[in-house]
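K.L.:
Take a look at this one; I'll ask things after.
The values are calculated or read from the model by the stated rules, or taken from the named source; none is laboratory data. A quick note: this is a predicted structure, and the numbers were derived from the prediction, not measured. Cβ coordinates were reconstructed from backbone atoms using ideal geometry, including for glycine residues, and neighbour counts include every protein chain displayed.
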């Protein structure tokens, strides 16, 4: 779901960086669901969806939203919406490119019934291929399923021997 960014307060909120991956904004990450600006009362209602229900960054993001709104002369009401659950498909192309430039392999598209929340998770009998964001080689290996955050895995490239994070598709 794209958020229409028209007013200066909505623009300021949309530019807030994710505290765990600061090269991507909350809008590019897709967790910024709605910004409802009331110009008469100078209030803004902001709806965000966490990447997962226990995401520790949500409190910091909510505080930053309140701060940015206050800087623009608005009071903010931040609401958390858990359903529908966030998916990496909500990330923008700009966000994926920012991750790539920073050296984090962006997630591929989520496909099938699990993407739509309808049914069991598909069993795939194919190798999970992740290209190295530094050299582009697909000869990479997962070192740890959880990296610096729960939404990333730690991988190593066999071609350039560099470790890198992979933002997991959810």
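K.L.:
Does residue 54 satisfy the condition of being modelled with pLDDT of 95 or more and either within 11 Å of the chain's Cα centre (by Cα) or farther than 23 Å from residue 92 by Cβ (or both)?
P.N.:
Working: modelled with pLDDT of 95 or more: no; either within 11 Å of the chain's Cα centre (by Cα) or farther than 23 Å from residue 92 by Cβ (or both): yes.
Taking the combined requirement at face value, the residue does not satisfy it.
K.L.:
Only one residue in 37, 78, 21, 66 is modelled with pLDDT under 95, surrounded by 13 or more Cβ atoms within 10 Å (Cβ to Cβ) and either under 15 Å from the mean Cα position of the chain (by Cα) or over 20 Å from residue 165 (Cα atoms) (or both). Which one?
P.N.:
Matching residue, one of 37, 78, 21, 66: 21.
K.L.:
Something else now. What about residue 46, is it touching a strand residue (DSSP E or B) at 6+ places or on another chain (Cβ under 6 Å), crowded, with 18+ Cβ neighbours inside 10 Å and more than 12 Å from residue 10 (Cβ to Cβ)?
P.N.:
no
K.L.:
Those residues that are part of a strand (DSSP E or B) and either touching a residue at least 60 places away in the same chain (Cβ under 8 Å) or out of contact with any strand residue (DSSP E or B) (no Cβ under 8 Å at 6 or more places or on another chain) (or both), I need them from the stretch 153-170; list them, please.
P.N.:
The first filter runs over the stretch 153-170 and keeps only residues part of a strand (DSSP E or B), leaving 153-157, 163-167.
Scanning the stretch 153-170 gives 164, 165, 166, 167.
K.L.:
Could I ask something else about it? Can you pull out the residues in the stretch 66-96 that are part of a helix (DSSP H, G or I) and farther than 25 Å from residue 8 by Cβ?
P.N.:
Listed by number, the residues that qualify are 88, 89, 96.
K.L.:
Test residue 72 against the stated conditions and say whether it is touching a strand residue (DSSP E or B) at 6+ places or on another chain (Cβ under 9 Å) and farther than 25 Å from residue 94 by Cα.
P.N.:
Working: touching a strand residue (DSSP E or B) at 6+ places or on another chain (Cβ under 9 Å): yes; farther than 25 Å from residue 94 by Cα: yes.
The answer is yes for residue 72.
K.L.:
Using the structure shown, decide if residue 142 is out of contact with any helix residue (DSSP H, G or I) (no Cβ under 8 Å at 6 or more places or on another chain) and under 13 Å from residue 103 (Cβ atoms). First the steps, then the outcome.
P.N.:
Details: out of contact with any helix residue (DSSP H, G or I) (no Cβ under 8 Å at 6 or more places or on another chain): yes; under 13 Å from residue 103 (Cβ atoms): no.
Spelling it out, it is not the case that residue 142 is out of contact with any helix residue (DSSP H, G or I) (no Cβ under 8 Å at 6 or more places or on another chain) and under 13 Å from residue 103 (Cβ atoms).
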